[in-house]
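Let me begin by presenting the structure, written as C-alpha cells, before commenting on it.
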Amino acid sequence: MDFANLKKHIPTLISLWRGNGKKKELDKNEIKTLSASLLKLQRGLTGKRNLVGQSYMSDKNLFGAYLLYYFPISYLQIQSIIGSVQNEFEKIAEAKTEKIRILEIGSGPAPGTTAIIDRIRKLNENAKIEVVLLDSSKNALEVAKKVIQTDFENVSVKTHVTDLENEKILSKIGSGFSVILLSHVLNELWKNNGDKISLRLEFLSKAKNLLDSENALLILNEPALLESSRNLMKVRDAILKSEDFSNLDLISPCPHSLSKSCPALSSENQTCHAENFFDPIEPIKSLAHGAGLDRESVKMCFFVFKTDNKNAQSDEKNTSLTVVSEGMLNKSGRIRFMLCDGEKRFSLSAKKDDAHAKEIGFFKLHRYEKIKITHPEIREGNFGVAEETEIEII
C-alpha cells in the first residue's frame, strides 16, 4: 500500500477534529479519549450494528474516532480497489481534457473521494477535477469539503445534504461522471425492508445513468461482514442479469463477468472479500492499540463496473483464477486456498512443508490475488501442488 499521500492528509484530519487549526500529532490524553470512543464506535458498526446509519457524526469524539481511524482505513480500501483496475483508471486520468467528474453517494467525510483524487493527480498532476458529494450528515459534508479544499488545488466541490432513500437528488446533479462511488452506504439503504435488494438495484439503475458513456467506473464497496458482503453479491448478480445494466461490465475482482451467479451464494455461510495486510501508520496504530483492536489488514467486499466495455475480460475465462480465502490447515497436514474461476469454487492445496510449493510462492498467496496454474495435481475435483506445478501471479 502507498501511505505517502494518506500521511499528507492526517494533519488536516487532526486539525479538523480539534477545531483549532493545530496539526501536531495526537498527545497521550487525546489518544486515550479517542481510543475509548473508537471502541464504542467499533462495537456499534459491527455485531448488532446499532450505530449504522445513526448520527454518530454529531458526537465530537465519536466523529474524531471515525475521522482519525476509519477515514484512513476507508481511504486504503478505495486505494486498493483502484489498484485492481489500474489500467482503466489511467485512461480516466490521462484521456480527459476537460474536468474529471467524481460522484460519491453517501460520502461521509469523503475518504474514498480523497483516495480517488490522489490517484488521479498521481497520474495527471494537472487534471481538473469536479467532485459532487451526497450524504445525510451536514457535519460530515462540511468536513469533506474542508479536507478536499485544504489538501488539493483546483478541485471544485459541491455538496448536497440529502436522504438518499426519499429524495430524487440524482436527477438534479447532472451527468457525465467518470467515477461514481458508493462505499459503505448500500448496506444502510432500506436495511429493514424485505425488498431491499430490488430497491438498491433500482437506486443503482438511476445512478449508473449519470456515468459517462465510455471508460467510466461504478465502484461498490461494503464492509467484509457476512450479511453486508452477501447482500452486495446479490446486487452484483442482479446487475449482471438485468438488461437495464447492459451497458456495464464487471471488471473487478471477478475473473470474468460471464457468470451471472456468484459461486459464494450457493452456500448459506460463504462470503467473499479482499484482505490486504499492512503495517499500521499513526494514528491508526495507537488508536487501535488503545481500543484493544487488532488492525493488521484492510478488508472489504467490492465490485467495479465499467461502461461500454463489452467482452473486455473474455480472454481470462478458464485461465485466470482468483484466490478467495486465506490459507487453511486441514487435518491431513495440507494448506489449502479456495480459488474461484467466476463460475465455481475449488481448492488448491499442498503439504505444509512442501519445498516446491514454497519455491513457487504457494504459501504467500492472499485473497483476491489473480493467478494462473499449470500442471496441477487433480484431487477429486480440486487441485494440488505437484512437482511440475507452476503458479503465475497476474
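Go through segment 193-252 and give me each residue that's within 13 Å of HIS273 (Cα to Cα), outside any helix (DSSP H, G or I) and either open to solvent by 40 Å² or more (accessible area, probe 1.4 Å) or free of Cβ contacts under 8 Å to residues at least 24 places away in the same chain (or both).
Residue satisfying the conditions is LEU225 alone.
Tally the residues that are open to solvent by less than 20 Å² (accessible area, probe 1.4 Å) and assigned to a strand (DSSP E or B), restricting the search to segment 253-293.
1
What are the pairs, 6+ residues apart or on separate chains, where a residue within segment 271-283 that is at positive phi has its Cβ under 9 Å from a residue that is open to solvent by 40 Å² or more (accessible area, probe 1.4 Å)?
none
For GLY342, are the conditions met, namely being open to solvent by less than 40 Å² (accessible area, probe 1.4 Å), farther than 30 Å from LEU6 by Cα and of a type outside the set (A, V, I, L, M, F, W, C)?
Criteria met by GLY342.
Test ALA224 against the criterion of being over 23 Å from VAL157 (Cβ atoms) and hydrophobic (A, V, I, L, M, F, W, C), and give yes or no.
yes
If you check SER171, SER178, SER198, which single one turns out to be hydroxyl-bearing (Ser, Thr, Tyr) and in contact with a strand residue (DSSP E or B) (Cβ under 7 Å, 6 or more places away or on another chain)?
SER178
Just the residues that are without any contact (Cβ under 8 Å) to a residue 60 or more places away in the chain and within 13 Å of ASP151 (Cβ to Cβ), please, taken from segment 15-45.
SER15, LYS23
I'm trying to understand the selection: among the residues of segment 107-162, which are among the polar types (S, T, N, Q) and either open to solvent by 40 Å² or more (accessible area, probe 1.4 Å) or not in a helix (DSSP H, G or I) (or both)?
SER107, ASN124, ASN126, SER136, SER137, ASN139, GLN149, THR150, ASN154, SER156, THR159, THR162
Which residue is surrounded by the most Cβ atoms within 10 Å (Cβ to Cβ), if the candidates are limited to segment 345-394 and must be over 30 Å from GLN77 (Cα atoms), within 31 Å of the chain's Cα centre (by Cα) and of a type in the set (S, T, N, Q)?
ASN382
Matching residues to (1) of a type outside the set (D, E, K, R); (2) in contact with a Pro (Cβ under 8 Å, 6 or more places away or on another chain); (3) at pLDDT below 95:
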| residue | (1), (2), (3) |
| --- | --- |
| HIS256 | yes, no, yes |
| SER266 | yes, no, yes |
| THR271 | yes, no, yes |
| PHE278 | yes, no, yes |
| ASP294 | no, no, yes |
| SER297 | yes, no, yes |
| PHE302 | yes, yes, no |
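Taking SER325 as meeting all but one of (1) open to solvent by 20 Å² or more (accessible area, probe 1.4 Å); (2) touching a strand residue (DSSP E or B) at 6+ places or on another chain (Cβ under 7 Å); (3) in a loop (DSSP other than H, G, I, E, B), write down the number of the exception.
(1)
ILE169 fails exactly one of the following numbered conditions: (1) open to solvent by 20 Å² or more (accessible area, probe 1.4 Å); (2) at pLDDT below 95; (3) of a type in the set (A, V, I, L, M, F, W, C). What is the number of that condition?
(1)
The values are calculated or read from the model by the stated rules, or taken from the named source; none is laboratory data. From a predicted model like this one, the values you see are computed outputs, not experimental measurements. Glycine gets a Cβ as well: all are built from the backbone with ideal geometry, and neighbour counts include every protein chain shown. Just so you know, the surface numbers come from the protein's heavy atoms only, side chains and all, with ligands and any DNA or RNA stripped out. Shrake-Rupley method; radii C 1.70, N 1.55, O 1.52, S 1.80 Å.
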